[in-house]
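The values are calculated or read from the model by the stated rules, or taken from the named source; none is laboratory data. These numbers come from a predicted model, not from an experiment. Don't worry about glycine lacking a Cβ; one is built from the backbone with ideal geometry, like all the others, and counts go over all protein chains shown. What goes into the accessible areas is simple: the full protein's heavy atoms, side chains included, and nothing from ligands, DNA or RNA. Shrake-Rupley method; radii C 1.70, N 1.55, O 1.52, S 1.80 Å.
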Amino acid sequence: MQINDNRLTEVTEEDYNNGLYDVQGINWDSNLLYFRNISTRFSKNVYRQIRNHGFSNYQDLQWSAKKIEKDITPVRDDGKFYKFRYSKLNTNSAIYHFQLRNLLAAPTKNDVFYYAQDSIRHWSPITHEFTHIFDLDNTSGNNVFSLAASKNYVAFGEGVGNYNICNINQPSLKKYETIPRINRSDPQAFSIDYTINYLKFVNNRTGNEELIIASNDFYCRFTDMNTFEYSYEYKDVKPINCASLRNDGKTLLVVGDSKKSKLIDISSNRVIKEIEEHYDYLFSCEWSPNGNYFVTGGQDKCTRLYDCRNMSHSLNVLPMNISSVRSMRFTDDNQYLAVAEQIDYVHIYDAASGLFLREQVIDFFTDIAGICFTPGDGTCLYISTVDADNIHQSIIRNNGVLMEFERCRYTQNDIFF
């Protein structure tokens, strides 16, 4: 552990294993919760009950949880796939829009990027130090809504339809772009919202690195990183909140302010499949790296898994604990899927068999800004959290946490039932 100015700044694997602190730096043996001028000591389990009971999940549409219960797939929760390694406290991490939680990226095992209140920051897992990559002027109202990174670039999108691209090796080299505006003569010209909801770098379509941009103006666009020109665009009838490209580079999955998930044939720009099984708006989607499966998630508090060889109905329906699905990531080797709720819970599923019937749940007490695996075999899982006006400051005293979990390695002698 490390303490500066009487404030805990980190939690090490040793601290955690010895029971000194949890992943957020909370010592449950010494914390008091103040309520109506009375101090009371709560255990973690009791505080969990209080928080779960007090949380109300946001809905854009009206639906009943009973409708989903009949579809839920039973999942074992005894998975032990990742173990705690390190937490950096007081990261100053931020969220600007409560529904958009893709604000963390790890393009290499030694580089992690995230959105802080005053800057885009680089975190080194080796030195445990931060570097400011791009200083932000939040007074202009151009707050960050989305973030992505590759080996060469880090990009972030703003609410006014601007996006910035920085060269990772030379941060001073920056590119500032704006998504196209519709003609001023169009009746919708002054009502269109150009918020950039999601960004992702890909290189499996043309061989060149491209940046996927999903935005509130109903478009999903690809930017060629060699020319910085748009190489593809698809227009929907609703704002697009997330998009994912299949490994063959031919099929685009999009979700947005709708209950529908859509598969687009990029060569013809034609919708080849619409699926409407969710009950509320969708904010996350992802193709599996092998291209056999895709997952969708949203505000109906469930993740639906589809086998692209039979899309007549969802293969599995994976329930969340208390809140909406806001972010999801596969490991590159297709072994695990991580799904982040809006608050408190990250679910890790065993995806190797394609059945997703076993999970590990990582829990804490705060809003989640983003999740990501390191490339390759997903050696590390990172979780970024924020201090979102927590009413129980006597228990949670830090201003954002960056958590690092390490993949567990098992031998052939390890048998699980």
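Worth pointing out:
- Whichever residue in region 46-68 is assigned to a helix (DSSP H, G or I) and touching a residue at least 40 places away in the same chain (Cβ under 8 Å) and, among such residues, is most open to solvent (accessible area, probe 1.4 Å): K67
- Among the residues making up region 330-341, those that are within 18 Å of A243 (Cβ to Cβ) and crowded, with 24+ Cβ neighbours inside 10 Å are L337, V339, A340.
- Wholly enclosed strands (runs of 3 or more DSSP E) of region 244-358 bearing at least 2 residues without any contact (Cβ under 8 Å) to a residue 60 or more places away in the chain and either out of contact with any Pro (no Cβ under 7 Å at 6 or more places or on another chain) or more than 28 Å from V401 (Cα to Cα) (or both): 251-256, 261-265, 270-275, 282-287, 293-298, 302-307, 325-330, 336-341, 343-350
- Every residue from region 285-310 that is of a type in the set (D, E, K, R) and buried (at least 22 other Cβ atoms within 10 Å of the Cβ): E286, D300, K301, R304
- Restricting attention to region 145-163, the residues that are assigned to a strand (DSSP E or B) and within 17 Å of E210 (Cβ to Cβ) add up to 10.
- Test: residue in region 371-389 that is among the small types (G, A, S), modelled with pLDDT of 95 or more, assigned to a strand (DSSP E or B) and over 23 Å from E14 (Cα atoms): no
- Considering region 338-376, and only residues there that are in contact with a Lys or Arg (Cβ under 8 Å, 6 or more places away or on another chain) and among the hydroxyl-bearing types (S, T, Y), the residue that is farthest from C285 (Cα to Cα) turns out to be T374.
- When F113, F84, F98 are checked against the criterion of being within 23 Å of the chain's Cα centre (by Cα), aromatic (F, W, Y), outside any loop (DSSP other than H, G, I, E, B) and under 22 Å from N241 (Cβ atoms), a single residue qualifies: F113.
- Restricting attention to region 125-152 and to residues that are over 21 Å from the mean Cα position of the chain (by Cα) and aliphatic (A, V, I, L, M), the residue that is modelled with the highest pLDDT turns out to be I126.
- Lone unmet requirement of (1) within 18 Å of H347 (Cα to Cα); (2) at pLDDT 95 or above for Y115: (1)
- Filter result for L282 (farther than 21 Å from L355 by Cα, at pLDDT 95 or above, open to solvent by less than 10 Å² (accessible area, probe 1.4 Å) and within 18 Å of the chain's Cα centre (by Cα)): yes
- Pair list, Cβ < 6 Å and 6+ apart or interchain, from region 128-143 residues that are under 30 Å from R85 (Cα atoms) to residues that are modelled with pLDDT of 75 or more and exposed (fewer than 15 other Cβ atoms within 10 Å of the Cβ): none
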